[in-house]
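Notes follow the structure.
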Amino acid sequence: MQVQKAVLGTVAICAIMLVSPVLAQGEDGTFNKRGNVLIADQFNNRVIEINKKGKIVWSFGLGPTNFSSKSILGVNDAERVGEDTLMAGTGIPPGVDPHCNNGCADNRVILVDPNGKIIWQYGQFGITGSTPNELNAPVQATYTKKKTVFITDQGNQRVIEVDKKGDILWQYGMTGIAGSGYDQLNSPNSAELLKNGVVLIADEGNNRVIEVDKHSKQVVATFTAQGTLNAPAFASLLPNGQILIPDGGNNRVITVDSNDNVQFQYFTNQQQGSNPNPAPSQAVETKSGDIVISDQFNNRVIVIDANQDLLKQYGNLNVIGYGIRNTKQGLYAPYGAKVIGDYTGLTNPN
């Protein structure tokens, strides 16, 4: 997870309304509608579901000035599991958010029902650790068909698979030890279980994406974009066999083929008014071939097509904001975004 300090005075938040998780009904307000977008609105401490027009139809979390367990602090990732929502509370590092200057820990992966009730949890709010039921900056969580959860436990330098009872079934990475050797990671940022039993890991601190055989724990493939990757924040396997990677340190989204050659790249900092270093943090290809990009420090989620044309923007370019009605009111360093009912490149939870 890359972080930047928020600039005082740029947060366009007036008379913030703190609300409970909400369901909005009516025209274009259907909850869990196929094609809606689920956004991990990182420093607004919430997950929101929006329709194609950017209207907020569901939310969990009480906004950028609420640091209680009723919010999801520094949320980096969210995905819909049926009608429930799986989310990773990474927490807020010191010096990043002026409202939480000393840092605020969350350290939970939670599954929330449509009414905002937590129905499953691993990790404890505000407690940082590595013993059972403890996490250290969990940055991503993936629900599997076996009803287990893969958790990328970044601060503990590991990826773990946890069952419903909270037992750890599998682990890759030596707890608390950063490295690049056998069974070692350095600030991992995502993990996806592929159909062939291989785990695809964005090993951010090692500037690589790796495929790990789940049984032998051997690295069976490594991707570095010919040595150019810089802090890859996510990785997903596309139907054509290429790997889609948000290359955060280079402010681009790329695909690489099986020979590690770059086949596509899109820079998110080229638009006039852009943050020079937006550090895009997640990119997911939809079944139509469009790419949904979490353009983190440009405070927006964008959708581009295969020709690199900008189709949609949620949030305002390089402007921090918050509102409970729609994304035109702003986002705050959104870290992840996925289209509901469209899990191309991701572990399908259904």
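What follows draws every value from the coordinates through simple rules; no lab data is involved. The model shown is predicted, which means the values in this text are computed figures rather than measured ones. Every residue, glycine among them, receives a Cβ derived from its backbone with ideal geometry; neighbour counts consider all protein chains shown.
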Candidates Lys338, Lys164, Lys328; GNM for the chain (alpha-carbon contacts under 10 Å) flags as most fluctuating Lys164
Cα pairs beyond 18 Å in region 134-251, in percent, come to 45
Relative contact order in percent for region 22-339 (Cα pairs under 8 Å, 6+ apart) equals 12
Packing-ranked peptide list from 285-291, 60-66, highest mean Cβ count within 10 angstrom first, is 60-66, 285-291
One can check that the equivalent ellipsoid of the chain, built from the alpha-carbon gyration tensor with semi-axes equal to the square roots of five times its eigenvalues, has lengths in Å, largest first, of 27, 23, 20
Filtered hits (lysines, Cα-Cα < 25 Å from Lys53, offset >= 8 within chain) -> Lys33, Lys287, Lys312, Lys328, Lys338
Charge tally for neighbours of Glu79 with beta carbon under 13 Å away, counting Lys, Arg as +1 and Asp, Glu as -1, is -4
About its Cα centre, the chain carries a charge dipole, from +1 on Lys and Arg Cβ atoms and -1 on Asp and Glu Cβ atoms, whose size in debye to the nearest 20 is 720
Of region 260-286, those with amide N under 12 Å from the point 7 Å along the Cα→Cβ vector of Leu317 are 268-276
Out of Gln171, Ile210, Pro334 - ranked by how far each Cα lies towards the positive end of the dipole of the chain, with unit charges on the beta-carbon of charged residues - the top one is Pro334
Expected sort for Asp247, Asp183 with the fewest Cβ neighbours (10 Å cutoff) up front is Asp183, Asp247
Total charge of the residues flanking Leu311 in space, meaning their Cβ is under 11 Å from its Cβ, with Lys and Arg +1 and Asp and Glu -1, is -1
Percent antiparallel among DSSP beta bridges confined to region 22-339, rounded to 5, stands at 95
Relative contact order as a percentage, region 101-150, C-alpha pairs under 8 Å and 6+ apart, gives 30
Taking the alpha-carbon centre of each part, the distance from region 210-264 to region 40-109 in Å is 27
Subtracting the Cα-Cα distance of Thr131 and Lys164 from 0.36 nm times their residue separation yields 10.2 nm
